[in-house]
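Reading through the structure tokens given below for one structure.
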């Protein structure tokens, strides 16, 4: 399966096309006497950012990141996904029974100690 991560040559070509679009937009704006649209955050041929970004990666770093992502994707492609473990009905029933026994023991201890037994009252239903 081919990775969707662009290669360095593809990234360079995309940058050139983006710069050409910006130049054409500036020419159109000059013809009609309007201000050009604000430049998108792209990189110039020198690798410097032409817009505001929270990060500034050089083309070499971008290429390294792309190569690393391709390698990780290829590695992950061969692995099988592990099935999420689920509890059996018998196991769940055993846990429920044990919890009910603990509640009964606590209730019995409260009764013998003379503490008021708290019970749940369903809201919205009147007797």
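The values are calculated or read from the model by the stated rules, or taken from the named source; none is laboratory data. Nothing here was measured: the structure is a model prediction, and the numbers come from that model. Positions of Cβ are backbone-derived with ideal geometry, glycine not excepted, and every protein chain shown enters the neighbour counts.
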Qualifying residues in the stretch 59-98 (those that are without any contact (Cβ under 8 Å) to a residue 24 or more places away in the chain and touching a helix residue (DSSP H, G or I) at 6+ places or on another chain (Cβ under 9 Å)) - the one nearest to residue 16 (Cα to Cα) | 60
If we keep only residues of the stretch 4-18 that are within 11 Å of residue 59 (Cα to Cα) and over 27 Å from the mean Cα position of the chain (by Cα), then the residue surrounded by the most Cβ atoms within 10 Å (Cβ to Cβ) is 12
Among the residues of the stretch 71-110, how many are within 30 Å of residue 5 (Cα to Cα) and either assigned to a loop (DSSP other than H, G, I, E, B) or modelled with pLDDT of 90 or more (or both)?
-> 7
